[in-house]
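The values are calculated or read from the model by the stated rules, or taken from the named source; none is laboratory data. Here the structure is a predicted model, which means the values were calculated and not measured. Neighbour counts run over all protein chains shown; Cβ positions are idealised from the backbone, glycine included. Accessible surface is based on the protein model in full, side chains and every heavy atom, while ligands, DNA and RNA are left aside. Shrake-Rupley method; radii C 1.70, N 1.55, O 1.52, S 1.80 Å.
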Amino acid sequence: MLRFLSKRVVQIVILLFIYVTIVFWLMEALPGSFLDKYLMNPKITPEIRENLKRQFGFDKPVLTRYLYYMKNFLVLDLGVSFSYFPKKVTSIIFERLPRTVFLFVTSTLVSYAFGYTLGKRSAWRRGKVIDQVTTFTGIVFWTIFLPLLAIFNIWLFGVILGILPLNQFIDPNLWRNVSFSAQDLFLKLLLNAFIFLIVFLTIMIISRRLKTINAKRILLYVSLIGTIIISISIWILSGRAIYAWDIIKHMVLPVFTLTLYSFAGSMLVMRDTMLDVIREDYITTAKAKGLPDKVVRDKHAARNALLPLMTNFVISLGFTISGGIITETMFSWPGLGRAYLEALSQQDTPLLIGLLVFTGVFVLIAHLVADILYAFLDPRIRY
Amino acid sequence: MVEAIIKEPLWKIRLKLWARSFKTGWELFREKKLALFGLSVIIFFAIFGLVYPLYPSIMRAVFWKDDPFGYQTFAPYDPIIGFDPHIMNHPSPPSLRHPLGTDPLGRDILSMIMYSTPREFILGITAALITVVIGTIIGASCAYYGGVIDTFFMRLADIVMLFPSLALLMVLSAFIDLTLFRLALIIGMLSGFGSITLVLKAQALTIKVRPFIEAAKSTGASDAYIIFRHIIPNILPLSFLYMMLNVTGAIFTEATLSFLGLANIRMSWGVIIQMAESSGYLMGASIGTYWWLWLPAGACITLLCSAFYFLGRGLEEIVNPRLRKR
Amino acid sequence: MKKVFAVLMLVVAVFVFAQTVNWAFLQEPISLNIWDYLGPNATVWTGYVMGPRIAGLYSYSDVRFDWIPALAADLPDLEQVGNEWVYTVKLRTDVTWSDGTKFSADDVVWTMNTVRKLIVDYGLGGNWASYVDPDYFVKAEKIDDFTVKIYFKEPSLAKANFGTLMMPILQKKYWEPKVEAALKTGNPLQTIYNYDVSDEPILGAFLLKKWEKGAFIEVNARKDYFDTGSVLTLYKNGAVSIKNPNTGFEWSGYGEPKGEKQLELVTGPYVDSIIYRMYLNRAAAITALINGDVSFIFNPLGLQKGEADQLAKVANVKLISNSVNGFRYMCFNMRRFPMNIKEFRQAIAALIDREFLTSRVLGGQAFPQYGVVPSGNVFWYNPNVEKLSPGYGMSSGDRRKLAIDLLKQAGFKWVVEPKIEGNNVVRQGRGLIAPNGQRIDQIELLAPGAGYDPMRATIALYVERWANEIGIPIKANLVDFNLIVQRVFDEPFNFDIYMLGWSLGYYPDHVADFFHSKRAGVGDFNAAGYNNPEFDKLADQFLAASDIDKARELSFKLQEILAQDLPYVVIFDTPVTEAFRTDQIIFPYEKTLSGLQYVNGAPTLVKAAK
């Protein structure tokens, strides 16, 4: 296992360096530059532009700049953005990351949970009405043009029904007189979610030791509900519950839209794996033993079909930037995808490179996690 | 199964076998209602696109008999610079002259949609074809040769897969003039060198260990012969399946790029929606009032893409025996 | 729970008593550090928030754009001393910074000299250069606490009056130690740009209260703003007067302040705070306007047709439309054949039927423009240029005939000559042959694609079609904006014809920037390569003029020359349409060049509706 891991890590590092190199030279090859926007102002003569070029470091030959970039990359410095000059790229990414992560992790989770439930049902009732209907609706939503879906949902829920807040991620009227920033709250919400995850994993490990199914179930429910209650009371006592609630309220619409759009992906993966698992002997045995249908489906088949879905989930987390470009723009949610779009339109090369490199690192880590998960969860794989 | 007999080199037998497997395939296929639905939608769109040249001449004969000069000057059914001077306010709602109304620039929407249809097909199918050709050849070679070739292409696939494809295309749009064909080429290559290779290589690996490969080797067949005659034909069904699924991806990518205004494509379904958006009709109550600006084009994207998807899924259940009903 | 309740009460209380206006932004400002804003990071969004923070010695009046004193007490006195020209400026004595410090000559002198030093020694760049041109500006000198002398090498309306004398003044007490400290670091400019300025004392009316990144910026009105209560009166006869009853400051100029008044404004601010809310797409901002979340949208491009259509139906939303100070144009590369032939350029200009394009094709969303000074800039615009433009007022057939005649005059021939009858093209021209017998194969027209600007894209296609009809082989190439910029400025001049747009300042010295032969170098702004000694001479005189009437006369002449030589064919521009909620705010006026966002939404004049 350890040997496999170290081999993977070495591979990842090499891959990363090649990737960063390609990204750097790709961006270098972009026609025009950030300074082109000064071409819209006749008061800025070519000399002044040269001056700005020097300030931005354009005067050095590109090879020098590349080596310099790589050197900085080693210490996780992604340079200075042009459009936010002289702000660091890393600080821009850090400012936007919590928003993006919170939105996309939530929506991916919801969408996978939804896809999992539907997928297992439709596989179990293969060819029946439920299978046909879910597959059909799933694929239709999956092929709807995302901006149209977003616009329609905003109109329906925000304007016609008026039940969900429109746009932005917070309500300024609520936030204008508080001393803390939304960023602060996002980090706390993420921390809360992380603690929840830890609790969940611990309980899963403990419950393995328990003998009866009932004991397991009680432990699981009691501790999970307990954690939820505790965290909610902490939020309320700290006086920040309404602010957290405000953020969550603003998140409902994008999460709903993304779920609608993408649940088909996980549903179909789940369905296909389930179909595969159903053919295994132990399912036939379980059925033959006369176990109730639901038990065989949920306890035997679905649990074993979960693995590919899990890996899929981890890997899909890596693609938040691409996914965010449209969603974040449509819902006024200033995250990484939106930053990418803005950086591209302004030719902010350091920020573009930084965002792509960051995604690359993110994806590679996600892959590593997926590998490890696989090794842990699938008893058949031994490294 | 097919591959057990394929050892016989006679093309005639092979043809017969193909015909037979096609027949059984078709019987299986006929049971899949969704796949049949997909196929009919695709056929509908193919015809819809092909009859486009008739549309302006019919409209001309019916509505422009008295004004041939106006027709010549304004080309009212030209999808790119058309303009109907007889209507005062554009966009105008659907009418007999313009069955799907006009856009803010006074162009006929139905004509724009019909004109785009063959282009969407070309885009989707070219991209998918490139993907599959690259993926199949590389996948088969990697599986067959292993070693350096395998390592090289697998690492290449790793790197290609690291790039978020939409983000990468957005960057490329800045220095490559993304015309329809170039877009198809790039989309095709991105997925060809990326994930498809992995899947097809895995499939090819299962073929490589079959006895007939050894048999062919022992008769002194060249590597190329084995790859092209034995391995590729056996992974072709799977490639074909991925081709279907990739058509969707290509059409979708084009629509998104056009929507962001980043592709240099004069007309496509995505451009129609972008036009509605950029001129401000794609918001609030206008969604309902000016439905013809976005709904037909949006519905076409969804219909054609889902049709290819349904067809692909239908084929998958035939091609991939694991998914077959027992 | 108590805490929550308290916060809730506070929110409610603030809501009831304070008058707050909400404005929508489509992009977030970058930084309120003025060095950064006028240096490398000039975005219009930062400008909207920056405008109400800063003040200069002189400014433009509302609506008429008269050049009036702001921090100065009177118009400057100009005299020649040796070979230098000295502007003597008296300062107002009733101005305080937001930290209570009195504004004085020290601030003015320090700001001007420091900016010059940073430009010359450290390469401070960007828009600072439009305020301080080291080739003209020499130094500023304090005479007493409220008098400064500003030295120039030459008198110039552009560089002095509309340049240095309008630059924002910074507080010496706050900035001097910071700048000194920065100069000791390795990268002085970056250090200056990076200073957090949330505690910076300002002269303007609105102080930053809270900036919630990605969501909103809130600014609060200053109670001690120096201009509060002052009455600005514009008279029909051209005179302007300013009276501040609170401090007793009075000024009038440009004639006798009597007779009919055109406009009278009493400076506020009337609202307690402004919240700028960020929306990342236009649809979101407009839905917010309809819902009443915001009362005005900032959008430099104005509302699109569909947006305006929809808002027109909403109760309590009023649409206002204003002409803009800019134009979209076609530029010929006069370094290349056949674009260097005057008749060829005129022929193409004759073909372009601006009225047809704007009223029919673009559905009235655009208006035609003829000259290089936009017609909205009423004082400087020469109304004669319309008539000088080839084909003005002609039918489409006559336009085509005129174009063919012009080409024939210059000696062009065709393989197949075009034939025009009435308005019809009976026979399309083919195979255009130049006067020297050379066949012209293809002329490329670079224009931005439909994603960047559907209007220019459409017009380029029309130009292509019209030109092709009479045999001029123009091919419209719709490409990325950056690619055009690269081909024009970097490659350099690797183009035949391109189509882009300009957004301009009020004082029309851009004419000299775009067409003076000394500006034809690589990367400079005379991309056409226009070279006309007569024009250069007049342009130099124009730049050196220190008298506005004289400058105007010269500007008119320059415009007439360009209307016939046509290095640019100016085609059209779009009016800027804006919308606001009449049940939430009242603007003091609605007609103003480039719309209310051009004056940052008139924050010191806007009132909350009852």
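Please list C:Tyr225, C:Tyr122, C:Tyr498 in order of solvent-accessible area, largest first, computed with a 1.4 Å probe with all protein chains present.
Largest to smallest exposure gives the sequence C:Tyr122, C:Tyr225, C:Tyr498.
Farthest toward the dipole's positive end in chain A, which of A:Tyr19, A:His300, A:Pro46, given Cβ charges of +1 (Lys, Arg) and -1 (Asp, Glu) about the Cα centre?
So the residue furthest toward the plus end is A:His300.
Cα-Cα over 26 Å: which of A:Lys37/C:Lys387; A:Lys60/C:Lys139; A:Lys53/A:Lys88? Don't skip to the answer; put the middle values down first.
On the way: A:Lys37/C:Lys387 34 Å; A:Lys60/C:Lys139 34 Å; A:Lys53/A:Lys88 18 Å.
Cα-Cα > 26 Å for A:Lys37/C:Lys387; A:Lys60/C:Lys139; rest within.
Using a 1.4 Å probe on the protein heavy atoms only, what accessible surface does A:Ile372 show? Give it in Å² to the nearest 10.
Rounded to the nearest 10, the figure is 50 Å².
What are the lysines whose alpha-carbon lies under 18 Å from the alpha-carbon of A:Lys216, with same-chain residues fewer than 8 places away excluded?
Output for A:Lys216: A:Lys299.
Determine which aspartates and glutamates satisfy two conditions relative to C:Lys419: a Cα distance under 14 Å, and not lying fewer than 8 residues away in the same chain.
Within reach: C:Asp398, C:Asp405, C:Glu469.
I'd like the FRET efficiency for C:Gln190 and A:Val62, computed as 1/(1 + (r/R0)^6) with the beta carbon distance as r and R0 of 30 Å, rounded to 0.05.
Values: r = 21 Å, r/R0 = 0.71.
Step by step, r from the Cβ atoms, then E = 0.90.
Which FRET efficiency, nearest 0.05, do B:Leu96 and B:Trp291 yield, Cβ-Cβ r, R0 25 Å?
Working: r = 18 Å, r/R0 = 0.72.
With R0 = 25 Å, the Cβ-Cβ based efficiency is 0.85.
Are there any helices in chain B, counted as whole DSSP H runs, that stretch 15 Å or more along their axis by Cα and score at least 1.6 on average by Kyte-Doolittle, and if so which?
Values: long enough: B:11-31 (30 Å, -0.64); B:33-50 (26 Å, 2.34); B:109-145 (52 Å, 1.41); B:147-162 (23 Å, 1.47); B:165-175 (16 Å, 2.37); B:180-193 (20 Å, 1.96); B:195-208 (20 Å, 1.05); B:232-259 (39 Å, 1.19); B:295-319 (35 Å, 1.24).
TM-like helix candidates: B:33-50, B:165-175, B:180-193.
Relative to the first principal axis of the alpha-carbon coordinates of chain A, what is the inclination of helix A:241-278, with its axis defined by its Cα atoms, in degrees from 0 to 90 and to the nearest 10?
60 degrees
Just need the relative contact order of chain C here, percent rounded to a whole number, with Cα pairs under 8 Å and 6+ apart. Walk me through the numbers on the way to the answer.
On the way: 1204 pairs, mean separation 101.5, N = 610.
Taking the mean separation of contacting Cα pairs over the length of chain C, I get 17 percent.
If you take each beta carbon of peptide A:357-365 and count the beta carbons of other chains within 10 angstrom, what is the mean? Kindly include the intermediate steps, with their values, before the conclusion.
Numbers: counts 1, 0, 4, 4, 1, 1, 5, 2, 0.
Per-residue shielding by partner chains comes out at 2.
If you count only protein heavy atoms and use a 1.4 Å probe, how large is the accessible surface of A:His300, to the nearest 10 Å²?
In the full protein context, A:His300 sits at about 50 Å².
Roughly how many Å is it from the Cα centre of segment A:150-200 to that of segment A:216-280, as a whole number?
After rounding, the separation between the Cα centres reads 15 Å.
Relative to the longest principal axis of the C-alpha atoms of chain A, give the angle of the C-alpha long axis of helix A:182-209, reported between 0 and 90° and rounded to the nearest 10°.
So the helix axis and the longest Cα principal axis differ by about 30 degrees.
Mind grabbing the accessible area of C:Asp199 for me, 1.4 Å probe, Å², rounded to tens?
100 Å²
Where the only charges are on Cβ atoms (+1 Lys, Arg; -1 Asp, Glu), what is the dipole of chain A about its Cα centre, to the nearest 20 debye? Don't jump to the answer; show the numbers that get you there.
Values: 40 positive and 22 negative charges, 289 e Å.
So the magnitude is around 1380 debye.
What does the charge count around C:Asn194 come to, taking other residues whose C-beta lies under 9 Å from its C-beta (Lys +1, Arg +1, Asp -1, Glu -1)?
On the way: positive: A:Lys87; negative: C:Asp36, C:Asp196.
My count for the surroundings of C:Asn194 gives -1.
Among residues other than B:Leu180 whose Cβ falls under 10 Å from its Cβ, what is the net charge (Lys/Arg +1, Asp/Glu -1)?
Details: positive: B:Arg119, B:Arg182, B:Arg266; negative: B:Glu120, B:Glu254.
Overall, the nearby charge balance is +1.
Roughly how big is the protein assembly as shown's charge dipole about its Cα centre, with Cβ charges of +1 (Lys, Arg) and -1 (Asp, Glu), in debye to the nearest 20? Numbers along the way, then the final one.
On the way: 130 positive and 110 negative charges, 1345 e Å.
The calculation lands at about 6460 debye.
How many nm separate the modelled label positions at C:Lys408 and B:Lys16, each set 7 Å beyond the Cα in the direction of the Cβ?
Going by the 7 Å Cα→Cβ label model, 7.9 nm.
Projecting each Cα onto the charge dipole of the protein assembly as shown (Lys/Arg +1, Asp/Glu -1 at the beta carbon, about the Cα centre), which of B:Cys300, C:Trp85, C:Trp414 comes out farthest on the positive side?
After comparing all options, I get B:Cys300.
Compute the Cα gyration tensor for segment C:215-352, then decide on rounded, prolate or oblate, letting a ≥ b ≥ c be the square roots of its eigenvalues: rounded whenever a/c is under 1.5, prolate when a/b is larger than b/c in the other cases, and oblate in all that remain.
On the way: a/c = 2.52, a/b = 1.32, b/c = 1.91.
Judged from the Cα gyration tensor, segment C:215-352 comes out oblate (a/c at least 1.5, b/c at or above a/b).
Can you give me the distance in nm between label points at B:Phe181 and C:Asn494, each placed 7 Å from the Cα along the Cα-to-Cβ direction?
2.2 nm
Quick one: putting +1 on the C-beta of Lys and Arg, -1 on the C-beta of Asp and Glu, what dipole do you get for segment C:297-358 around its Cα centre, in Debye to the nearest 20?
Roughly 260 debye, rounded to the nearest 20.
Going down the list C:Lys261/C:Lys550; C:Lys243/C:Lys550; C:Lys117/C:Lys184; C:Lys173/C:Lys223, which pairs span over 18 Å between their C-alpha atoms?
From the list (C:Lys261/C:Lys550; C:Lys243/C:Lys550; C:Lys117/C:Lys184; C:Lys173/C:Lys223), the Cα-Cα distance tops 18 Å for C:Lys261/C:Lys550; C:Lys243/C:Lys550; C:Lys173/C:Lys223.
By accessible area of protein heavy atoms, probe 1.4 Å, what ranking do B:Glu120, A:Glu47, C:Glu417 get, highest first?
Ranked from most to least accessible, the order is A:Glu47, C:Glu417, B:Glu120.
With a length cut of 18 Å (Cα positions projected on each helix's long axis) and a Kyte-Doolittle mean of at least 1.6, go through chain C and give me the DSSP H helices that pass.
Numbers: long enough: C:2-17 (22 Å, 2.43); C:105-122 (24 Å, 0.16); C:396-409 (20 Å, -0.77); C:454-469 (23 Å, -0.26); C:548-565 (25 Å, -0.41).
The qualifying helices are C:2-17.
For B:Lys65, give me every one of the aspartates and glutamates with a C-alpha distance below 19 angstrom, ignoring sequence neighbours fewer than eight places off in its own chain.
Correct list for B:Lys65: B:Asp78, B:Asp84, B:Asp108.
Relative to the longest principal axis of chain A, what angle (0 to 90°, nearest 10) does the C-alpha long axis of helix A:2-28 take?
In chain A, helix A:2-28 runs at an angle near 40 degrees to the longest axis.
Using just the helices of chain A, give the 222 nm mean residue ellipticity in deg cm²/dmol: DSSP H runs with n ≥ 4 each add -39,500 (n - 2.57), and the total is spread over all residues, rounded to 500.
Values: 15 runs with 278 residues, N = 383.
When only DSSP H runs of four or more count, the value is -24500 deg cm²/dmol.
Which one of A:Phe358, A:Asn177, A:Ser33 is farthest out on the positive end of the charge dipole of chain A, using unit charges on Cβ (Lys, Arg +1; Asp, Glu -1) and the Cα centre as origin?
A:Phe358
Per DSSP H run of n ≥ 4, the term is -39500 (n - 2.57); total these for chain C, divide by its residue number, and report the mean residue ellipticity at 222 nm rounded to 500 deg cm²/dmol. Provide the component values of the computation, followed by the final result.
Working: 17 runs with 172 residues, N = 610.
It comes out at -8500 deg cm²/dmol, rounded to the nearest 500.
Expected output is a single nm value to one decimal: the length gained when fully extending between C:Glu79 and C:Thr147, i.e. 0.36 nm times separation in residues minus the C-alpha distance. What is it? Mind dumping the intermediate values first?
On the way: separation 68, 0.36 × 68 = 24.48 nm, distance 1.52 nm.
Fully extending the segment from C:Glu79 to C:Thr147 adds 23.0 nm.
Between C:Tyr122 and C:Arg427, what is the label-to-label distance in nm when each label sits 7 Å out along the Cα-to-Cβ direction?
Going from the C:Tyr122 label point to the C:Arg427 one covers 7.1 nm.
List the trypsin sites (Lys or Arg not before Pro) within segment C:298-333 that DSSP assigns to loop and that have no more than 11 neighbouring Cβ atoms inside 10 Å.
On the way: sites: C:Lys305, C:Lys313, C:Lys318, C:Arg328; in loops: C:Lys313.
For trypsin sites (Lys or Arg not before Pro) across segment C:298-333 that sit outside H, G, I, E and B with at most 11 neighbouring Cβ atoms in 10 Å, the list reads C:Lys313.
Quick one: if the Förster radius is 35 Å, what FRET efficiency do A:Val140 and A:Asp298 give, using the C-beta to C-beta distance and rounding to 0.05? Numbers along the way, then the final one.
Numbers: r = 27 Å, r/R0 = 0.78.
The value I calculate is 0.80.
Would you tally the net charge around C:Lys102, using a Cβ to Cβ cut-off of less than 12 Å, leaving C:Lys102 out, and scoring K and R as +1, D and E as -1?
Numbers: positive: C:Arg92, C:Lys172, C:Lys173; negative: C:Asp94, C:Asp99, C:Asp106, C:Asp107, C:Asp145, C:Asp224.
That works out to -3.
What is the mean number of Cβ atoms from other protein chains located within 10 Å of the Cβ atom of each residue in peptide A:173-181, rounded to a whole number?
Details: counts 9, 3, 7, 12, 8, 5, 1, 1, 6.
Taking the mean over all residues of the peptide, I get 6.
When the Karplus curve 6.51 cos²θ - 1.76 cosθ + 1.60 is applied with θ = phi - 60°, which whole-Hz ³J(HN,Hα) does each residue of segment C:378-390 get, with x for Gly and Pro?
4, 5, 9, 6, 8, x, 6, 5, 4, 5, 6, 6, x
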